[in-house]
Every structure is written in structure tokens, then in C-alpha cells.
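The values are calculated or read from the model by the stated rules, or taken from the named source; none is laboratory data. Since this is a predicted model, take the numbers as computed values, not measurements. Here the Cβ positions follow ideal geometry from the backbone for every residue, glycine too, while neighbour counts run over all protein chains shown. In case anyone asks, the SASA skips ligands and DNA or RNA and just uses the protein heavy atoms, side chains included. Shrake-Rupley method; radii C 1.70, N 1.55, O 1.52, S 1.80 Å.
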Amino acid sequence: MLKLMYITNDPQTAHIAQQAGVDRLFVDLETVGKDLRQKDMNTVQSHHTIQDIRALRKVLTQSELLVRVNQIYPGSEKEIDEAILAGADILMLPYFQCAEQVRTFLRFVGGRTKTMLLFETPESVEQMDEILALDGIDECFIGLNDLHLGYHMKFMFELLADGTVERLCRRFEDAGKPYGFGGIARVGAGMLPAERILGEHVRLRSSSVILSRSFCNTGEITDHKEIAAIFRTEVPKIRDAERAYQSDTPEQLAANQLLVRDAVQKIKESLG
């Protein structure tokens, strides 16, 4: 089954998500450069801290604690050390362009945690073979938000519809690395319905996906009883949809792929 990931720095929400079967809770330290490259997008900058890692570590007994650090910058070694000491199970490196930056990240980690690379720049895609040859990479993930900006696209799921995601997944698979991509909203919701995206995860043999802000927007929903009700209700729906696709034939999965392409084309046209 897909590893479901959810971004939060709230221990109570993290506990709720863990109880509902979310596999990884996600503390997001990334701020360096993010405001500039996503300034015109409706995205959230989390501004999480090392203390948030410690707080979540205390409540997570089943789910893994994933921490996205900043891209390589002068403070990276200190930040990585602090994140590991605070209790991170997995460290994610975002927005790298070359193998040397990844090599630096892996050296700073030094095998103390699992590592995940977030491929979200065209340059990282171009140097993928050299990057994947490095020792110490445990998983890979495709960051559709920044990558679609790098390719000057209108909508992040154009990368799924035009075959880019599939090409990258096949290269990860050939390198023997587990991989995932993008985010999903609730089943039946989203510009591109979550269940259609789930079908592509199954077809492409993906192993992880982020539950997006629209799955449970804690910026708008602050009542923990309401948050708990959403997770209790909606996570099983995702699992049911995933299991249904897993029983599909290759022909049925290909039919869903065509539906995804058609839906993305309509969204592109609506964006002008």
C-alpha cells in the first residue's frame, strides 16, 4: 500500500493522523528561496522548527517522522545535525540541481537516518543518472509544484499527463529506489479527483503520496474533533480506492490514464 504522508507541526493533529493510518508525519523546515520561486502561487510556507520535530517525536509511536530540510546552504550541516538529534526518521532534501549538492547532503547525514531526494528542478532531472549512482539514497520523490514551474507549465499535473512522471518513475525503478510523487485531496475532491491520481500511482508502482492541504486544511479547520472525523472518514476511502485499482487489469489502468490526460487538458484550457 502507498505510504501516506501529511504535513503538520501540531502534535495533536499528528497523533490523530497516526491513529487513522497515516504512515508518515512531515515536518517542513524549508524556507530558503521558497518565497521567491513560489511567490505567485497559492502555496503554504510552513515555517516549522527543530522544536516541532521534538514535539512530534513524543507522540509518534507507529508512524515515521519525515523532515524536509532546506536546500544546501551555509547552515545545512548544523540544521541536519539538529534535525537528526531531534528525532527525524527520514530527511528529505529539496530543490537540488546537481550531484555535488546531493553528495554534500549525504555526507552531512552520514547514514544516521534514511534519506529521500525531492526531484523538483529540471537540472536534477537532467543529472538524474549521476545522482542516483550515489550511495546512501533510500527513496526518491517528484515535487510537482516546483518542477512544473521549472518547465513553465500552467498546472502541476501536466507532468503526469505528458509522461514526464512516468519516465522519472521508470528511472527510479531501474535504480532500485522506492519513489512517489505529488499530493492528493479527498476522494471525489480536487481539480483532478484524488481517485484518478491514485490509479496512476498504482499503474506506475509508486510507493508514497502526500495528503495535500485540501485533504484537511488545518489553517481553516482548527477543531481537533473535526480534524479527527476527517481523517477517520477519508483515509479509509483512499485505501478503498487504492485497493480497487490494485485489482484492475493493465487495460483498466490504461483507461484511467486516458481519463487523467483528458481531465488535465480541460484544466489547462480553463486556466487560459
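For region 89-105, check the following and say yes or no: at least one residue is open to solvent by 10 Å² or more (accessible area, probe 1.4 Å), touching a Lys or Arg at 6+ places or on another chain (Cβ under 9 Å) and not aromatic (Phe, Trp, Tyr).
yes
State which residue pairs qualify: first residue at pLDDT 95 or above and inside region 100-111, second residue part of a loop (DSSP other than H, G, I, E, B) and buried (at least 17 other Cβ atoms within 10 Å of the Cβ) in any location, beta carbons under 7 Å apart, and separation of 6 or more residues or different chains.
Listed pairs, sorted by first residue: Gln101/Ile72; Val102/Phe96; Thr104/Ile72; Phe105/Ile72.
Cβ-Cβ below 6 Å, separation at least six or inter-chain, first residue in region 226-249 and farther than 16 Å from Ser208 by Cα, second polar (S, T, N, Q) and surrounded by 13 or more Cβ atoms within 10 Å (Cβ to Cβ): which pairs?
Note: pairs meeting the criteria are Ile227/Thr13.
I'm trying to understand the selection: among the residues of region 181-225, which are open to solvent by less than 10 Å² (accessible area, probe 1.4 Å) and either without any contact (Cβ under 8 Å) to a residue 12 or more places away in the chain or of a type in the set (Asp, Glu) (or both)?
Glu200
What single numbered condition from (1) under 21 Å from Leu2 (Cβ atoms); (2) at pLDDT 95 or above fails to hold for Asp162?
The single condition Asp162 does not satisfy is (1).
Take the residues of region 55-86 that are acidic (Asp, Glu) and touching a Leu at 6+ places or on another chain (Cβ under 9 Å): which is nearest to Thr13 (Cα to Cα)?
Going through the qualifying residues, I end up with Glu64.
Which residues, counting only those in region 169-210, are part of a helix (DSSP H, G or I) and either of a type outside the set (A, V, I, L, M, F, W, C) or more than 23 Å from Leu66 (Cα to Cα) (or both)?
Arg170, Arg171, Glu173, Asp174, Glu195, Arg196, Gly199, Glu200, His201, Arg203 - these are the residues of region 169-210 that are part of a helix (DSSP H, G or I) and either of a type outside the set (A, V, I, L, M, F, W, C) or more than 23 Å from Leu66 (Cα to Cα) (or both).
When the residues of region 226-272 are narrowed to those that are of a type in the set (Ser, Thr, Tyr) and within 13 Å of Arg203 (Cα to Cα), which ends up most open to solvent (accessible area, probe 1.4 Å)?
From region 226-272, those of a type in the set (Ser, Thr, Tyr) are 233, 245, 247, 249, 270; that's our starting set.
Add one more test, that the residue is within 13 Å of Arg203 (Cα to Cα), and what stays is 245, 247, 249.
Numbers: Tyr245: 27, Ser247: 90, Thr249: 58 Å².
Among those residues, the one meeting the criterion is Ser247.
How about region 122-162: which of its residues are closer than 13 Å to His201 by Cα and either of a type outside the set (Phe, Trp, Tyr) or part of a loop (DSSP other than H, G, I, E, B) (or both)?
Answer for region 122-162, where residues must be closer than 13 Å to His201 by Cα and either of a type outside the set (Phe, Trp, Tyr) or part of a loop (DSSP other than H, G, I, E, B) (or both): Ile142, Phe157, Leu160, Ala161.
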